[in-house]
Amino acid sequence: QVQLAESGGGLVQAGGSLRLSCAASGRTFRSFAMGWFRQAPGKEREFVAGVSASSALPRYADSVKGRFTISRDTPENTVYLQMNNMKPEDTAVYYCAGDPYRGGTSSHDYGAWGQGTQVTVSS
């Protein structure tokens, strides 16, 4: 199993940038598909971005395409989410998730989760 811990959240003005990090423990990290999800107050958790174990074919929610970039540094056991041109509607708790198989765009596709990090975008 892999354990995940997010960092890098905070308060940013609209149009600004943040980079979230997800540190993974466990030697199996390199074989995990990884994803970022977010959950705003009163809303369901939603997919933001995902990347396979080989880093091929990253996927993004339509709402973040062209603004967010997911990447992974396998030797460092870390996954990143670079967020640019941020909007107030990006405000949410962001979660890192891992899956030993293919991952996906549903939260049900992932079995390992971090504790979340708060991101707030002011207008």
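The values are calculated or read from the model by the stated rules, or taken from the named source; none is laboratory data. Note that this is a predicted model, so its numbers are computed, not measured. In case anyone asks, the SASA skips ligands and DNA or RNA and just uses the protein heavy atoms, side chains included. Shrake-Rupley method; radii C 1.70, N 1.55, O 1.52, S 1.80 Å.
Applied to the stretch 111-116, the Karplus parametrisation 6.51 cos²θ - 1.76 cosθ + 1.60 on θ = phi - 60° returns per-residue 3J(HN,Hα) values of x, 10, 9, x, 8, x Hz, with x for Gly and Pro.
A straight chain from LYS87 to GLN1 at 0.36 nm per residue would run longer than the Cα-Cα distance by 27.5 nm.
To the nearest 10, the accessible area of ASP109 is 60 Å² with a 1.4 Å probe.
Just the number, please: carbon plus sulfur as a percent of the accessible area of the chain, 1.4 Å probe, no ligands or DNA/RNA counted.
Ligands and nucleic acids excluded, carbon and sulfur reach 47 percent.
Close amide H contacts of ASN85 (hydrogens built in the peptide plane, cut-off under 5 Å, sequence separation of 5 or more or a different chain): none are found. What percent antiparallel are the DSSP beta bridges of the stretch 4-123, to the nearest 5? For the stretch 4-123, the DSSP antiparallel bridge percentage is about 90.
Averaged per residue, what accessible surface does the chain expose to a 1.4 Å probe, in Å²?
52 Å²
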